[in-house]
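Worksheet: one structure, shown below.
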Amino acid sequence: MAHKGLNFGIFLAPFHRAGDNPTLGIRRDMELVEWLDQLGYDEAWIGEHHSAGWETIASPELMIAAIAERTKHIRLGSGVTSLPYHHPFMVAQRFTQLDHMTRGRAMLGCGPGALVSDAYMLAIEPSTQRRRMDESLDAITRLLRADGGVTMKTDWFEMRDARLHLAPYSDPHFKISVASTQTPAAMIAAGKYGLGVLSLGAGIPGGPDALSQQWKIAEDEAAKHGRTMDRKQWSLVVNMHCAEDDETALAQVRKGERVETISYFEETLGRPAGRADDPLRQGVKMGTTLVGSPETIIKGINHLIGASKGGVGGFLFRAHEWANRRDTFESFELFARWVMPHFQGSLDSVIASRDWARANRKDIFVPSIAAVEKAYTDAGRAAPSDFKARLLGTMDEDKK
């Protein structure tokens with residue numbers, strides 16, 4: 001079953017192995033987004049992290065500004081801005097400016113802050129982060145309404161008659177989405193403020209099974225505030241790598257996936273070690289990881305759409321470096337060529353045109369025999385003795 005109009009893009013944390021040249025890593029990140037822009041991907045969301053050695057971008061806004069000058073179409077968002085780390089007035093100001101600089105391609109992704117070590121260095125108690133995110137979103141959405149000054153006071157920021165001196169370029173403002181993993185906080189915020197959702201939890205064990213319930217949380221909260229949620233603003237974040245066949249795809253990423261998982265998530269961040277003997281293959285089987293041929297990935301996307309029980313607006317692929325640079329770039333190209341059209345309706349008229357020509361070619365091609373003969377006669381030459389057989393051969397084969 002085809003689902004028309006899905007958006008596709010990447011969630012660029014980024015993930016660069018500690019020890020790799022960080023300057024070149026940032027350059028590779030920009031080049032990847034440039035490549036995706038050429039391939040027709042819709043979005044790239046760029047992360048904010050301040051510790052732990054792997055996710056080396058501290059300011060997604062700087063990356064957005066730089067990449068915007070190197071691309072033409074792809075939309076660029078923060079994936080995500082950790083709201084408790086910033087005064088909300090400054091967040092609203094920076095993204096309003098980016099909205100103008102990108103002519104409406106900038107997006108604000110929001111979260112409470114993912115790395116405990118970041119919050120620790122900023123002396124932010126983890127128990128306050130989700131509350132602070134909600135307070136920040138309240139301030140940001142009020143500022144963007146631009147219907148007067150905003151006065152607020154919390155235990156971590158204050159505004160007095162604050163207002164944006166530059167209105168957003170987009171109408172009514174740039175896209176805002178909130179990142180959701182497992183807790184209900186993000187879905188509640190999305191419903192409360194009418195935001196989009198980036199479901200990072202879709203790619204973890206049990207994630208697909210929780211999708212419909214997570215969305216219901218957002219819908220219930222939206223109803224309390226007189227809003228309705230829009231599934232077109234819901235993106236699922238998963239791992240993807242595409243190759244010509246399943247075994248090639250698995251072989252290309254197996255080593256890199258193990259290095260990232262063990263070195264970063266387990267040994268650095270302290271996530272419990274996995275128990276699967278072949279975690280990649282198990283992830284594909286469970287529907288949380290899209291690694292394989294275009295056909296396998298199409299099945300995986302359909303599985304996740306089905307798990308949402310109503311549909312989603314798009315998919316974001318975590319921009320890992322499990323494979324080498326050549327295979328990574330080819331993966332995104334293969335996906336753009338053979339998977340993306342399946343979910344965007346761009347092949348419908350092409351396939352219909354081919355099928356029409358096949359079904360009607362006898363009526364279409366037979367009259368052309370006389371025209372070909374006349375062309376030879378007009379040129380004073382005899383037509384080849386076998387030209388009719390060559391022209392009609394395929395139709396004769398259809399009769400067999």
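None of the figures in this text is laboratory data; all of them are computed from the coordinates on show. Nothing here was measured: the structure is a model prediction, and the numbers come from that model. With ideal geometry, Cβ positions are generated from the backbone for all residues, glycine too; neighbour counts draw on all protein chains shown.
How do Arg275, Arg131 rank when sorted from fewest to most other Cβ atoms within 10 Å of their own Cβ?
Going from sparsest to densest Cβ surroundings: Arg275, Arg131.
Can you give the Rg and Dmax of the stretch 116-216 based on its C-alpha atoms, in angstrom?
15.9, 46
Of all the Cα-Cα pairs you can form in the stretch 174-330, what percent are over 18 Å apart?
Looking at the stretch 174-330, the distances longer than 18 Å represent 60 percent of pairs.
What angle, in degrees between 0 and 90 and rounded to the nearest 10, separates the Cα long axis of helix 294-308 from the longest principal axis of the Cα atoms of the chain?
50
For labels at Gln213 and Thr23 in the simple 7 Å Cα→Cβ model, what's the distance in nm?
5.0
So what are the three principal axis dimensions of the chain from its Cα atoms, in whole Å, longest to shortest?
93, 54, 42
Just the Kirkwood number for the stretch 244-400, please: inverse of mean 1/r across all distinct Cα pairs, in Å, one decimal.
Evaluated over the stretch 244-400, this radius sits at 20.4 Å.
So for the pair Met101, Ala223, with labels modelled 7 Å out along Cα→Cβ, what separation do we get in nm?
Once both label points are built, they end up 4.2 nm from each other.
To one decimal place, what orientation-averaged projected area in nm² is obtained for the convex hull of the Cα set of the stretch 1-159?
Its Cα hull, projected and averaged over all orientations, spans 11.5 nm².
Using 1/(1 + (r/R0)^6) with R0 = 41 angstrom and r between the beta carbons of Ala375 and Asn302, what's the FRET efficiency to the nearest 0.05?
Efficiency at R0 = 41 Å is approximately 0.25.
Let me have the 222 nm mean residue ellipticity of the chain computed from DSSP H runs of 4+ only, each contributing -39500 (n - 2.57), with the sum over all residues rounded to the nearest 500.
One gets -14500 deg cm²/dmol as the mean residue ellipticity at 222 nm.
Which pairs, out of Lys153/Lys224; Lys175/Lys309; Lys192/Lys299, put more than 30 Å between their alpha-carbon atoms?
Lys192/Lys299
Kindly put His303, His173, His50, His73 in sequence by how many other C-beta atoms sit within 10 Å of each C-beta, fewest to most.
Lowest to highest Cβ neighbour count: His73, His303, His50, His173.
Hey, rough spin-label estimate for His87 and Ser353, points 7 angstrom out along Cα→Cβ, what's it come to in nanometres?
5.7
Could you work out the Rg to Rh ratio of the stretch 37-85, with Rh taken as the Kirkwood radius (inverse of the mean 1/r over all Cα pairs)?
1.02
Tell me, what is the percent relative contact order of the chain, built from C-alpha pairs under 8 Å that lie six or more residues apart?
17
Please arrange Val253, Val116, Val91 by how many other C-beta atoms lie within 10 Å of their C-beta, fewest to most.
Neighbour counts put them in this order, fewest first: Val116, Val91, Val253.
Please report the spacing between the Cα centers of the stretch 350-388 and the stretch 212-227 in Å, no decimals.
Value for the Cα centre distance between the two parts: 61 Å.
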